[in-house]
Amino acid sequence: MGSKIGYILMYVKQVFLYIVTLSFFLGVFIASVLSLSVYLQYLFFIIGGVFIIVSFMLRDDKGVLFSKRVCILGLVIMFTSIGMLRVDLNDKIDELSQYHGEKIEYRGIVSSLPDTKDTTERFIVHISKASDSIVSEDILVISNRYPEYKYGDEIVFTGILKLPENFETYSGGPIFDYISYLYKDGVRYIMYRPKIEKVGENMGNPIVAGLYSLKRTFSDSVERVVSEPESSLLLGLLIGDKASLGKDILDDFRRAGLSHIIVLSGYNVTIVADNLMKAFSYVSVSASPFLGAISIIFFALMTGASATTVRASVMALLLILSKRVSRRYDVSRALIFAAFLMVLHNPRILLFDVSFQLSVIATVAIIYVAPIIRSRITWITERFALRDVIATTIGTQILVLPYILHVMGTLSLVSIVSNILVLPVVPLAMFSGFVTGVIGFISPLVAVPLAWISDIVLGYIIEVTHLSASLPFASLNLSLPLSVTVVMYLLFTVFLFRIYKKRPVDTTGRPLISIW
């Protein structure tokens, strides 16, 4: 009996994570594109449970009283149904549909950090009252730039609810699914420039309010000692706040293929934490991974702990800890598990959150593609980590390219060169900028020397970006349909599987994959 249980536990350990997570993702995908009866989903759950029970009553090919195939089938059916049910649980009844198109009065609380543009301010409002009815819905409000509002303000406002509309990224380009992008955060409606009266403040979650206040204080600290537009770029690198960069500079980053560095991702957070860990290693090598993990958590809190920041921090924790703790660490399992937790929390991000999808693809590229590139460019020096930078740049560019072409429809012809010129200095810019902002809390005067370094490095990044984007052949419009994109990623998967299948294995039977 004991040997049977041990056999089953060993088997479960080997396959359970992959079967459960991938089946759950499949269920979320199905429920996101199809409308299935909840009773049918519960039926699938029961059928899966029956298969698992039956698997313990059958013998496998070796005569052991446990059928792997039947158990796997049961797990697949059960957790696919759980994924579908999770999507249904995430959906709420539309309580505002009866007011669509009508001009009425609403009461609610600002539930997000306002995003300031040139002449407008955008923020999410959790509505508690519509006309004389009690409701509980979130909408996106686009108001005038002034007066400013902040998280936790209670407002009474009058306007017309409108449905968001999808739009072309450019004339004739891919359609951006703006409706689903907003709905992933529970937002179904938009209201433009309503008449607003603030009737209260400090009505939000005090913990969230404290984090947002810390983020604002950090941003103010950076803006006091770092000049413009360098300070706006630094805030884009550190916290993904790129709105104040301006349309022209943002277009330059897009044409140069450098937009990814101003979108907060696991890569950005990893840069900050990795530099801090190197500094900690001079104090204690053994404690540096622990201190690095603490630094990631501190960074997330310092920059507001938004959903994007938390996801990026999780990715960074996986990569940093796998790098420092064990080179044979099966980081693919950790990546799948992290993605599972994120999708479990909000199933809509699987299909409708571009930053989540890009973060996962880029992380896979760093883990699996960059080492292949690195092994083939041994003629490039390792000084200043140049070989790693080039390998990572080429690897991520190759793997994210089909997705970029599908979603954004822009092919940068100078991206490889511009990334090689810029990425080596991004760690210095982020590290010096982060420390500048932290020291600026205490004394802006003490932070000035570091601010000079930040200004020089950030100015270099902006100049390279502008020169790259100004070339007449810098970019062209080219979009890929979904079918072609899926086929390309299937080919990538087959290629990587064949490459790593040929690699030597350790005593546990796992490929010896060096992820850095």
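A short reminder: the numbers here are calculations on the coordinates, not readings from a lab. Here the structure is a predicted model, which means the values were calculated and not measured. Don't worry about glycine lacking a Cβ; one is built from the backbone with ideal geometry, like all the others, and counts go over all protein chains shown.
What is the sum of charges around residue 442, taking Lys and Arg as +1, Asp and Glu as -1, for the other residues whose C-beta is under 14 Å from the C-beta of residue 442? That sum, taken over residues with Cβ under 14 Å, equals 0. Taking amide hydrogens as placed 1.01 Å from N in the peptide plane, the amide H of residue 153 sits under 5 Å from those of 110, 202, 203, each at least 5 positions away in sequence or on another chain. Judged by the mean number of other Cβ atoms found within 10 Å, the most tightly packed of the peptides 486-494, 78-86 leads the ranking 78-86, 486-494.
Protection proxy ranking of 366-372, 336-342, by the mean of other Cβ atoms within 10 Å over each peptide's residues and highest first, is 366-372, 336-342. Across the stretch 472-486, rounded Karplus estimates of 3J(HN,Hα) from the backbone phi angles (6.51 cos²θ - 1.76 cosθ + 1.60, θ = phi - 60°) give x, 10, 4, 8, 9, 7, 8, 10, 10, x, 4, 4, 5, 4, 5 Hz, Gly and Pro being marked x. For the stretch 95-100, 3J(HN,Hα) computed residue by residue from phi via the Karplus equation (6.51, -1.76, 1.60; θ = phi - 60°) reads 8, 10, 4, 5, 9, 4 Hz, glycine and proline entered as x. Near residue 111: Cβ cut-off under 14 Å, other residues only, Lys/Arg at +1 and Asp/Glu at -1. The net charge is -4. Place a point 7 Å from Cα of residue 471 in the direction of its Cβ. Which residues in the stretch 362-385 have their backbone N less than 18 Å from it? From the stretch 362-385, the list is empty. The HN-Hα couplings worked out from phi for the stretch 361-374 by the Karplus form 6.51 cos²θ - 1.76 cosθ + 1.60 (θ = phi - 60°) are 4, 5, 5, 4, 5, 5, 6, 10, 8, 4, x, 5, 4, 4 Hz, whole numbers, x standing for Gly and Pro.
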